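These notes are about the structure you will find just below.
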Amino acid sequence: MKRIHIHQILGFLLMTVFVLINAFISYAGPVTGIIDGADDKNVRGWAFNSSEPDSSLPVKVIITNQLSGQVTAELETTTSKHRADLPQQGTGTGNYGFEVSVPWDSYGNGTYLIDAYAAGQKLSGTKVYGVGTDVSAVNLRSLGTFKTTAYCPCRQCSGKWGGHTSTGTIAASNHTISVDPRVIPYGSKLMIGGVIYTAEDCGGGVKGRHIDIFFNTHGETRFYGTRSMEIFLVQ
Ligand SMILES: [Zn+2]
């Protein structure tokens, strides 16, 4: 009898916590917004809470080094700029724009993911920006998780093809990937683990949601092995 009693108390406590969490979520309100621009100076966007259309929201822009996964910077601002385009679409008064200046040069070379949160809720429009690379501000779209493997120009990996790809280019490390062109069209730019690759090769063993990444040496391909990775389409 005593054990049942304890379970009843635990059940009641869990339900209380559940109700409180739900109350908190509904109190936070429906925030919508997007990062709609990023360049060598600024990150811009808008956000608003439809249940409090006259209030300014705190915004946190988070810059993450895509290769290391480390947060490089958290930049804070508020929604206060007027955006004439928003009332035209029927979004409140339009005083929902934000803009933060980003000291990219101080972050060092690399590829950075840009995310933003307004009143703690994540906005859409994740962007990527490259410092010292050929990436300017572009959009990333997750294609989900793929199986990834590695190959090199050796006979075991590439047979008679060597470093020649099926699209007529010479394969290069940190650039060439082999895909199933029915899934990933040739010429697509994909970001995998912080590196932006070009789909320009295919292979007999590369079918469906599988990407083979080119490396210069067989040792590197053995080190890479097989990894399950989230793949981003660079738009
Ligand atoms: Zn090889």
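Assorted remarks:
- To put it simply, the accessible area of the chain at a 1.4 Å probe is 57 percent carbon and sulfur.
- Positive dipole terminus of the chain, leading residue within Val100, Ile231, Gly194 (C-beta point charges): Ile231
- Gaussian network model of the chain, Cα within-10 Å springs - most flexible of Trp161, Trp46, Trp104: Trp161
- FRET efficiency, 1/(1 + (r/R0)^6) with R0 41 Å, evaluated for Asp40 and Asp180 via beta carbons: 0.70
- Distance between modelled label sites at Val71 and Ser142, nm, 7 Å Cα→Cβ extension: 1.8 nm
- If only the Cβ of Lys and Arg carry +1 and only the Cβ of Asp and Glu carry -1, the dipole of the chain around its Cα centre is close to 980 debye.
- Rg ratio (alpha-carbon, reference 2.2 N^0.38 Å) - the chain: 1.35
- Lys122 versus Lys60: modelled label distance in nm, points set 7 Å from Cα along the beta carbon direction: 1.4 nm
- Taken per residue, the accessible surface of the chain reaches 56 Å², heavy atoms only and a 1.4 Å probe.
The values are calculated or read from the model by the stated rules, or taken from the named source; none is laboratory data. Computed from a predicted model, the values in this text were never measured in an experiment. Positions of Cβ are generated from backbone atoms using ideal geometry, with glycine treated the same way; all protein chains shown enter the neighbour counts. Only protein heavy atoms, including side chains, enter the accessible area calculation; ligands, DNA and RNA are left aside. Shrake-Rupley method; radii C 1.70, N 1.55, O 1.52, S 1.80 Å.
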